[in-house]
Amino acid sequence: MTKSKVSRVLLVFVALALVAAACGGDSEPVDAEGFTFGMILVGPQNDHGWSQAHYEAGQYVAELTGATMLVQDKVNPADLPEKTVDQVAADLIAEGAQLVFATSDDMRDGVLLAAEQNPDIPMIWSSGDSAWEDGKAFAELDNLGNVMGKMEFGKMIAGCAAGLTTQTGSIGYVGPLVNDETQRLVNSAFLGARYCWEEYRGETSPLEFTVTWIGFWFNIPGFTLDPTQVANEFLDSGADVLISGIDTTEALVEAGKRASEGEAVWAVPYDFEGACAEAPDICLGTPYFNWGPAYLEIVNSVVNDDFKAEWQWNGPDWDNITDNTKTAVGWLSGDGLSSGASSDLDDFISGLADGDINLFTGPLSYQDGSVYLEDGEEATEFQIWYTEQLLEGITGESAGE
Amino acid sequence: MNFADLWKRSRIGIIAVALALVVGILLLLVAGANPFEALGVIIDGSLGSSIRIGDTLMVWAPLVLAAAGLLITFAAGLWNIGVEGQITFGAIAASLVAREVSGPTWLIVTLALLAGLFGGAFWALLAGLLRTYGKVNEIFGGLGLHFVATALAVYLVLGPWKRAGVASTSGTEPFPRESWLPTVGSTRLSWLAIVVAVASVFGVFYLLRGTRFGLRLKAVGKNMRSAFLLGIPTGPYMLAAFALGGGLAGLAGAIQATGFHHKLVPSISGGYGFLGILVAMLAGYAARWIAPIAFVFAMLAVGSTLLPLKLGLDSSVGGVLQGVLVLFTVLAQGWQSRRRNRADEAALGPPEPPVIPGEVG
């Protein structure tokens, strides 16, 4: 081998190594033995929903990196009246947390205060927009970032599954509280349901799509509507598919009870990959958040001392939306989905994946008749994130201003 | 008072706490925790630093206010179960000031606390009027008004006071910083909250011990008919007791809103009204025991929030421990009044229903 050949081979090796390093990037787990991060959950860590998804993402990060996770669950004024979010953050930091995840929309005020009080501790407010410079609520805090998944895709798929399945043409959405995020997700489910009802089933009669808001992310007796009751009222009034938008699984559980009494009803739970487990036979599938990869990247960045307070809105990994090492949002079909519906749903998902189907395209109007998107106009991220109202065709209340 | 006397008066409380401790230790063992380690975590979590002491005192202050207010109504023989609603309505009134009034902190805070005081008094007076003029038992009236106050808070938070573009029971927009109770150093402790709570204990102690009003109030509580026959206007006295007790509860609400949450949340009362009833019962309805007993409850509440972090225990363990303490207190009280009834029966024949707490000191 001549000298130039050797150097050429070496060059190739160096190039390959660089490519490998670039591909690996931040998502390769660092060794974070001795590193501690804190996780503040709004509900119980085993709620089969929102909070459990965060909890398991934390476990995933801890397993891969060797870091230690400190968890404080049920942090909300009703369950934990003696502590506010900033106090809990202070507790976690006092116990050694070098990074704090505040994982609920409800924690906005507390985490902003905590970030201000602890400028040296990086923090993440999941689902928030405080670090989005072009957003409506930008807060100049160098240590507070946001992570959110593009659940509008998950909800469009959920809506489609419901639209493909309903026999009564009536879908009930058990909604949490009203804000930008929840209106965005109800609209997404509605768009998915209507598209699949009309395009795949060829139905011409309008689809009934109703949302009832309980008032919070989960049931707090005395302060919210009881989601169990809301689910049953939907089923009593002719809805045969329930879509859950709350942190817990009442919609699925109640539909499961009705189904075991012989009724033809189904449900789509939310948030957590394993959410179907409570009534698998009538579960059409679950759109879920997979916070693990983003949280891993954040832990890596803090350990490597290059944390940036960014706003992340991460999409599904369209190559495989159930690849939990990559995707931020997933969909797992359930046993309740018929095989015919299943193949239509696959078609719908691949349409979303390659961009052939973009349901956030005008003409679309809000409930009050005002224009959301002009004919042919495709919604920007800003327009999707800050959906001001429910769309025309949905029955239920919008927040308004 | 000699030791035997003290034991006689407080033995029920001591037995209740001892039993609760034993059951609590057993529960912790079942949960797989070392009880002494858990106790250490609770003490460290509530007293381990100036910040934590501040956190504990900020739970203590509303609890003391609620309990002190309850002593007044208990003295008048009234079961003011509606104290939660009075806290909530006081918080709503204070929130109105904190949201609407602009000016220097001393002005807003003074007005907010006054609004809490009058708001709580007003809400309690409604229960009092129902009792004195409508013949509605104050337990039912108070509970009903509690639900109304909560519904009002939910309505305000979801309706007129909602955040722009949001309808969530998670609360209003935080108040402007000028209307937050001023704090000590880097802690969350508001000296004003402590001053108000301490003053309430001394005030209630003096009121019931050293004034003609207090004496007559206790006469109403002991035996309303006799008091009436002796020329005490029982109706106005009961209303006054409601107003004073409710006023202190309303102050607790104002502190919760302006000194703790810094916004209105529907669960603003924090359950301190119901807990205050238990503090008053455990204290044997004596003002001098309220502060220390409330402090133990506050320590338990704040310190046990660290049990999941430090020992990996379920976050509900703290609540279970508190529940055990409450359960044994109530059982001990029931046992005591049963014994007293038996003794009375033996001495005087059938007991006079109902048994109403009257030994206020």
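The values are calculated or read from the model by the stated rules, or taken from the named source; none is laboratory data. Keep in mind it's a predicted model, so treat the numbers as computed, not measured. Cβ atoms come from the backbone with ideal geometry, glycine included; neighbour counts cover every protein chain shown. These area figures cover heavy atoms from the full protein model, side chains too; ligands, DNA and RNA do not enter into them. Shrake-Rupley method; radii C 1.70, N 1.55, O 1.52, S 1.80 Å.
The table below lists the values:
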{"read-out": "With 10 Å bins from 0: P(r) over chain A, alpha-carbon pairs, percent", "value": "5, 22, 31, 24, 12, 4, 2, 1, 0"}
{"read-out": "Largest-first principal axis extents, alpha carbons of the protein assembly as shown, Å", "value": "111, 70, 54"}
{"read-out": "Compactness index (Cα Rg / 2.2 N^0.38 Å), the range B:207-276", "value": "1.47"}
{"read-out": "Tilt relative to chain A, helix A:3-24 - C-alpha long axis, 0 to 90 degrees, to 10", "value": "40"}
{"read-out": "Degrees, to the nearest 10: A:50-65 long Cα axis against longest axis of chain A", "value": "20"}
{"read-out": "Cα-Cα over 31 Å, subset of B:Lys135/B:Lys263; A:Lys74/A:Lys150; A:Lys326/B:Lys263; A:Lys74/A:Lys308; A:Lys150/A:Lys308", "value": "B:Lys135/B:Lys263; A:Lys326/B:Lys263"}
{"read-out": "Ratio of the Cα radius of gyration of the range B:1-51 to 2.2 N^0.38 Å, where N counts its residues", "value": "1.55"}
{"read-out": "Contact order normalised by residue count of the range A:303-396, Cα under 8 Å, 6+ apart, percent", "value": "15"}
{"read-out": "Spacing of the two label points (7 Å from each Cα toward its C-beta) at B:Trp106 and B:Ile15, in nm", "value": "5.3"}
{"read-out": "R0 of 60 Å, Cβ-Cβ distance B:Thr183-A:Thr204: FRET efficiency to nearest 0.05", "value": "0.40"}
{"read-out": "Per-residue HN-Hα couplings for the range B:314-319 [Karplus 6.51, -1.76, 1.60; θ = phi - 60°; Hz; x = Gly/Pro]", "value": "5, 5, 8, 4, x, x"}
{"read-out": "Relative contact order (%) - criterion: Cα under 8 Å, at least six apart; region: the range B:11-348", "value": "35"}
{"read-out": "Qualifying aspartates and glutamates (Cα of each under 20 Å from Cα of B:Lys8; at least 8 residues distant if same chain)", "value": "B:Asp344, B:Glu359"}
{"read-out": "Rounded FRET efficiency, nearest 0.05, which uses the C-beta distance separating A:Glu278 from B:Ala343 and R0 of 41 Å", "value": "0.15"}
{"read-out": "Normalised contact order of chain A, rounded percent, pairs of Cα under 8 Å and 6 or more residues apart", "value": "17"}
{"read-out": "The range A:308-370 - Kirkwood radius from inverse mean 1/r over Cα pairs (Å)", "value": "14.4"}
{"read-out": "Estimated FRET transfer efficiency (B:Leu152, A:Asp142; beta-carbon r; R0 45 Å; 0.05)", "value": "0.65"}
{"read-out": "Compactness of the range A:111-191, expressed as Rg and Dmax over alpha-carbon positions, Å", "value": "17.1, 56"}
{"read-out": "Sum of -39500 (n - 2.57) over DSSP H runs of 4+, divided by residues of chain B (222 nm, nearest 500)", "value": "-24500 deg cm²/dmol"}
{"read-out": "Share, in percent, of DSSP beta bridges within the protein assembly as shown that are antiparallel, nearest 5", "value": "20"}
{"read-out": "Degrees between helix A:108-117 axis and first principal axis of chain A (Cα, 0 to 90, nearest 10)", "value": "20"}
{"read-out": "Projected label distance in nm at A:Asp346 and A:Asp306, using a 7 Å step from Cα toward the beta-carbon", "value": "4.1"}
{"read-out": "Among beta bridges that DSSP assigns inside chain A, antiparallel share in %, nearest 5", "value": "20"}
{"read-out": "For the range A:158-313, radius of gyration divided by Kirkwood radius, i.e. Rg to Rh on alpha-carbons", "value": "1.05"}
{"read-out": "B:Lys222 versus A:Leu332: modelled label distance in nm, points set 7 Å from Cα along the beta carbon direction", "value": "7.0"}
{"read-out": "Expected-Rg normalisation [2.2 N^0.38 Å, Cα atoms] applied to the range B:11-348", "value": "1.02"}
{"read-out": "Cα-based reach from A:Lys136 at 14 Å (exclusive), listing aspartates and glutamates while leaving out same-chain residues under 8 positions away", "value": "A:Asp180, A:Glu181, A:Glu381, A:Glu388, A:Glu401"}
{"read-out": "Accessible-area composition of the range B:11-348, carbon plus sulfur, in percent [1.4 Å probe]", "value": "71"}
